[in-house]
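Note sheet for the following structure.
The values are calculated or read from the model by the stated rules, or taken from the named source; none is laboratory data. Remember, it's a predicted structure, so these values are computed and weren't measured experimentally. Cβ: placed from backbone, ideal geometry, glycine included. Neighbour counts: every protein chain shown. Protein only, heavy atoms only, side chains kept; ligands, DNA and RNA dropped before computing areas. Shrake-Rupley method; radii C 1.70, N 1.55, O 1.52, S 1.80 Å.
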Amino acid sequence: MSGTVHTVRWGILATGGIARTFTKDLVIDPQTRDVTDIKHQVVAAASSNSSERAEKFLQECGVSGGKAYGSYKELVADANIDVVYVATPHSHHYQHARLCLEAGKNVLCEKAFTTNAAQAKILAQLAKKKGLFLMEAVWTRYFPASREIREIVKSGKLGTVYRVFADVSFGQDVEKDFPPENRMVNMDLAGGVLLDLGIYSLTWVFQILYHCLDPSIRKPPTVVSVMTKYPITGADESTSMVLNFPPHNAHGIATTSIRVDKDPDGKSTAGSPIRIQGTKGEIQILETGGNGFRPSTYRIIPKDPNDASLQGKDVEHKTPPGHGMFWEADEVARCLRDGKQESEGLPLAESIVIMESMDEVRKQNGLVYPEQIESTDYPLAGF
Ligand SMILES: NC(=O)c1ccc[n+]([C@@H]2O[C@H](COP(=O)([O-])OP(=O)(O)OC[C@H]3O[C@@H](n4cnc5c(N)ncnc54)[C@H](OP(=O)(O)O)[C@@H]3O)[C@@H](O)[C@H]2O)c1
């Protein structure tokens with residue numbers, strides 16, 4: 001493969017906030033992050049109902065020569081697209097990712113993958129049947145810091161990891177910041193903090209206590225949970241979960257909130273929101289004012305200061321120009337180049353187990369979304 005550069009041609013489905021951030025990252029020259037084996041080209045974007053909005057989106061993202069479509073159906077029919085990035089609200093992921101797969105397109109689908117596990121299973125089966133690539137866009141897993149931490153845990157240098165604390169919370173003035181129609185609290189758009197931010201707390205818990213185990217011994221965790229609902233819409237505003245992972249009975253404590261903050265002064269005075277605790281030491285994510293979903297700096301704290309295998313130090317990765325979403329895009333490009341149908345960083349079976357845990361948390365707390373967005377029927381009118 002050395003010497004050849006593989007170019008992947010992207011289609012962007014939706015023109016909202018994260019589509020913009022992701023597309024701006026795609027147009028950055030990968031060499032700025034020392035990546036020379038792959039390249040990205042944005043060949044088209046679609047808005048659900050306005051080609052003018054798609055055109056403006058492409059211009060604002062700095063894409064030249066891309067096609068602008070006024071419907072998602074037109075986008076998925078474009079023969080020049082290798083992979084579609086689905087960036088609609090998670091209520092719509094099942095319908096839109098399925099639209100892409102049915103049209104024969106590879107898919108990178110934003111988190112939360114779907115509204116429920118039943119939808120996720122159907123997408124995974126369909127991708128497999130059609131020989132297409134499918135991945136949930138949990139970008140956190142592809143940051144160099146995440147990859148390194150997984151390697152340290154897998155190497156056994158931390159001993160057996162028995163506990164992970166992970167808090168991803170933003171203290172907002174919920175009534176003021178989130179009017180009922182806002183997707184964060186709007187039940188019609190699968191609003192609520194569990195599916196939007198809790199997925200990141202669960203990402204840390206799962207990528208350490210599940211993913212770092214040999215696949216032959218990975219088993220779904222049990223979970224107990226509590227939830228506080230936002231009285232105006234009924235979406236969850238704070239959710240706390242305790243998960244128990246076989247085979248070591250390791251505990252994952254995953255919390256998430258839009259009412260209280262993990263880092264109220266933005267200076268990390270509150271300490272690390274992510275702690276990975278093994279018998280030989282601990283790793284903490286340290287990013288000041290940042291959050292667990294964009295990890296750059298971490299601290300290794302050995303139990304024995306003379307432990308030669310585990311150096312007590314802070315490791316800092318400066319994020320190259322851009323937001324850091326390019327790491328997951330690079331992963332997709334390499335998977336497509338190598339003919340893979342899923343990413344080892346987040347296999348589809350793992351996305352499904354995580355969705356099952358979130359289903360269980362919703363069941364324990366009576367959080368049910370409108371029938372249409374929990375449905376596995378396809379196609380449905382109005383999407
Ligand atoms: N990875 C991350 O860091 C990150 C950050 C934020 C959000 N997300 C995820 O990305 C997804 C989108 O979030 P966002 O913040 O980009 O949302 P957003 O700003 O509201 O954008 C969503 C876009 O989806 C399209 N859309 C299609 N049908 C829609 C409908 N019925 N209601 C609303 N929008 C509809 C719209 O674009 P057109 O109509 O023009 O197509 C809209 O601009 C969510 O699943 C969220 O969890 C991920």
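One table, with the values for the structure above:
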item	result
Search result, residues across segment 227-249 that are in a loop (DSSP other than H, G, I, E, B) and either in contact with a Cys (Cβ under 6 Å, 6 or more places away or on another chain) or surrounded by fewer than 22 Cβ atoms within 10 Å (Cβ to Cβ) (or both)	Pro231, Ile232, Thr233, Gly234, Pro246, Pro247, His248, Asn249
Listing of strands (runs of 3 or more DSSP E) fully contained in segment 1-111 that carry 1 or more residues being closer than 30 Å to Val368 by Cβ, open to solvent by less than 40 Å² (accessible area, probe 1.4 Å) and not charged (D, E, K, R)	6-13, 83-86, 106-110
Whichever residue in segment 335-372 is among the aliphatic types (A, V, I, L, M) and open to solvent by 10 Å² or more (accessible area, probe 1.4 Å) and, among such residues, is farthest from His93 (Cα to Cα)	Leu336
Test: Arg183 is assigned by TED's automatic domain parsing to the domain that holds Lys229 and either away from the ligand (no atom under 12 Å from the Cβ) or assigned to a helix (DSSP H, G or I) (or both)	no
Unmet requirement for Val107, which otherwise passes all of (1) touching an Asp or Glu at 6+ places or on another chain (Cβ under 9 Å); (2) without any contact (Cβ under 8 Å) to a residue 40 or more places away in the chain	(1)
Subset of segment 126-151 [assigned to a helix (DSSP H, G or I) and either touching a helix residue (DSSP H, G or I) at 6+ places or on another chain (Cβ under 7 Å) or crowded, with 21+ Cβ neighbours inside 10 Å (or both)]	Leu126, Ala127, Lys130, Trp139, Thr140, Arg141, Tyr142, Ala145, Ser146, Ile149, Arg150
From Ser351, Ser357, Ser296, Ser343, residue being over 20 Å from Cys212 (Cβ atoms) and touching a residue at least 60 places away in the same chain (Cβ under 8 Å)	Ser296
Index of the failed condition, Asn365 passing every other in (1) in contact with a Ser or Thr (Cβ under 7 Å, 6 or more places away or on another chain); (2) under 26 Å from Leu99 (Cβ atoms)	(2)
